[in-house]
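The next block holds one structure in the form of structure tokens; read it before the comments.
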Amino acid sequence: RALIEAAWAKLAAPGMAHPDDDTPRVDGEPDEDTARGDTRSTGQRNHDALAAAIRTLFASEQLGQHRGLPVTVIVTTTLKDLEAGTGKARTSGGSLVPMADLIRMAAQGAHHYLAVFDQAKPLALYHAKRFANPAQRLMLHALDRGCTRPGCDQPAYHSEVHHVTGWTTTGRTDITDLTLACGPDNRLAEKGWTTRKNTRGHTEWLPPAHLDHGQPRINTFHHPEKLFADNDDDDAP
């Protein structure tokens, strides 16, 4: 509470950290006219102050890494919506961001901590090292959105990179053979579970035969739009 009060004392003052400004003021003092013209409520100013403080922390690049990536706001949208300035983008935590807010973040210099994808267009990311590189991890955030084990609701921020075919078998780390899995599910391979990609690029999980007769399943929790698509037969090999 003491830390928040100190941030509010400065950044929640009228005229400070206003999100509608081209460059929200976080230092110095606003002039009298600017302060008087600030019509935000106290609650709005407090909210904007905390957002400004967090942006400053992100921009400092002092937060280190989280699951192999610099602490980054990862957002997926479509180029069409981005150009039109309409609709909402989706973060790797599952939140929806109005396009106007996303554009404002980018315009206010968030390039240090903002990664935007246009529907996760495939990238040529292939190498012979065991660990996925940051670009591959970002790609998986946009592709999978979260753990791909059926029934799991863990978002991408809480997931790890999983080799669909064990690395000891292929000796490669290709984007087409990677998926996201939360920590506990990533270890299911040790308990007889296997994974594979079907021809649509979806990750299928096959439980041990004694659990479910080896029937493959995919996870639609992070992709509700798939529930409204044509219910074609699975074309897995």
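The values are calculated or read from the model by the stated rules, or taken from the named source; none is laboratory data. Keep in mind that this is a model prediction, so the values were computed, not measured. Ideal geometry is used to build each Cβ from the backbone, glycine not excepted, and the neighbour counts take in all protein chains shown.
For the range 180-237, which residues satisfy the criterion of being in contact with a Cys (Cβ under 7 Å, 6 or more places away or on another chain) and modelled with pLDDT of 90 or more?
Leu180, Ala181, Cys182, Asp185
Is it true that Thr76 is outside the structural domain of Leu138 (by the TED database), in contact with a helix residue (DSSP H, G or I) (Cβ under 6 Å, 6 or more places away or on another chain) and either farther than 17 Å from Ala7 by Cβ or surrounded by 13 or more Cβ atoms within 10 Å (Cβ to Cβ) (or both)?
yes
Please pick out the residue among Ala132, Ala115, Ala120, Ala124 that is exposed (fewer than 12 other Cβ atoms within 10 Å of the Cβ) and either modelled with pLDDT under 80 or not assigned by the TED database to the domain that holds Pro155 (or both). If you could, list the steps in order and put the result at the bottom.
Working: Ala132 fails: exposed (fewer than 12 other Cβ atoms within 10 Å of the Cβ); Ala115 fails: exposed (fewer than 12 other Cβ atoms within 10 Å of the Cβ); Ala120 fails: exposed (fewer than 12 other Cβ atoms within 10 Å of the Cβ).
Exactly one of Ala132, Ala115, Ala120, Ala124 is exposed (fewer than 12 other Cβ atoms within 10 Å of the Cβ) and either modelled with pLDDT under 80 or not assigned by the TED database to the domain that holds Pro155 (or both), namely Ala124.
Going by the structure shown, is Thr176 over 22 Å from the mean Cα position of the chain (by Cα), hydroxyl-bearing (Ser, Thr, Tyr) and over 20 Å from Thr77 (Cα atoms)? Write out each step before concluding.
Values: over 22 Å from the mean Cα position of the chain (by Cα): no; hydroxyl-bearing (Ser, Thr, Tyr): yes; over 20 Å from Thr77 (Cα atoms): yes.
Considered against the rule, which asks whether it is over 22 Å from the mean Cα position of the chain (by Cα), hydroxyl-bearing (Ser, Thr, Tyr) and over 20 Å from Thr77 (Cα atoms), Thr176 comes out as no.
What residue, among those in the range 72-94 that are in contact with a strand residue (DSSP E or B) (Cβ under 8 Å, 6 or more places away or on another chain) and of a type in the set (Ser, Thr, Tyr), is modelled with the lowest pLDDT?
Kept after step one, since they are in contact with a strand residue (DSSP E or B) (Cβ under 8 Å, 6 or more places away or on another chain), are these residues of the range 72-94: 72-79, 81-82, 87-94.
Imposing the further condition that a residue be of a type in the set (Ser, Thr, Tyr) reduces the set to 72, 76-78, 91-92.
Details: Thr72: 80, Thr76: 81, Thr77: 80, Thr78: 76, Thr91: 88, Ser92: 85.
The residue in question is Thr78.
I need a count of the residues in the range 144-154 that are surrounded by 15 or more Cβ atoms within 10 Å (Cβ to Cβ) and out of contact with any helix residue (DSSP H, G or I) (no Cβ under 9 Å at 6 or more places or on another chain). Can you show your working first?
Quick first cut of the range 144-154, residues surrounded by 15 or more Cβ atoms within 10 Å (Cβ to Cβ) only: 144-150, 152, 154.
Still in the list and also out of contact with any helix residue (DSSP H, G or I) (no Cβ under 9 Å at 6 or more places or on another chain): 150.
Of the residues in the range 144-154, 1 are surrounded by 15 or more Cβ atoms within 10 Å (Cβ to Cβ) and out of contact with any helix residue (DSSP H, G or I) (no Cβ under 9 Å at 6 or more places or on another chain).
Let's see how each residue does on (1) under 23 Å from Pro155 (Cβ atoms); (2) in contact with a Lys or Arg (Cβ under 8 Å, 6 or more places away or on another chain); (3) among the β-branched types (Val, Ile, Thr):
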| position | (1), (2), (3) |
| --- | --- |
| His18 | no, yes, no |
| Leu50 | yes, no, no |
| Gln62 | no, no, no |
| Ile74 | yes, no, yes |
| Thr78 | yes, no, yes |
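Hey, which of the strands (runs of 3 or more DSSP E) in the range 11-112, taking only ones fully inside, have at least 2 residues that are of a type in the set (Ser, Thr, Tyr)? Reasoning before the result, please.
Details: elements: 73-77, 88-91, 96-98.
Those strands (runs of 3 or more DSSP E) span 73-77.
For Lys88, work out the one condition from (1) exposed (fewer than 14 other Cβ atoms within 10 Å of the Cβ); (2) free of Cβ contacts under 8 Å to residues at least 24 places away in the same chain; (3) not polar (S, T, N, Q) it doesn't fulfil.
Unmet condition: (1).
Could you run through the range 80-92 and say how many residues are within 24 Å of Ser159 (Cα to Cα) and in contact with a Gly (Cβ under 9 Å, 6 or more places away or on another chain)? Don't jump to the end; show me each part of the working.
Residues of the range 80-92 within 24 Å of Ser159 (Cα to Cα): 88-92.
Checking which are in contact with a Gly (Cβ under 9 Å, 6 or more places away or on another chain) leaves us with 92.
Residues meeting the conditions: 1.
Just to check your reading of the model, which residue among Val26, Val73 is under 17 Å from the mean Cα position of the chain (by Cα) and β-branched (Val, Ile, Thr)? Even if it seems obvious, please write down each step before you answer.
Numbers: Val26 fails: under 17 Å from the mean Cα position of the chain (by Cα).
Only one candidate passes the filter, namely Val73.
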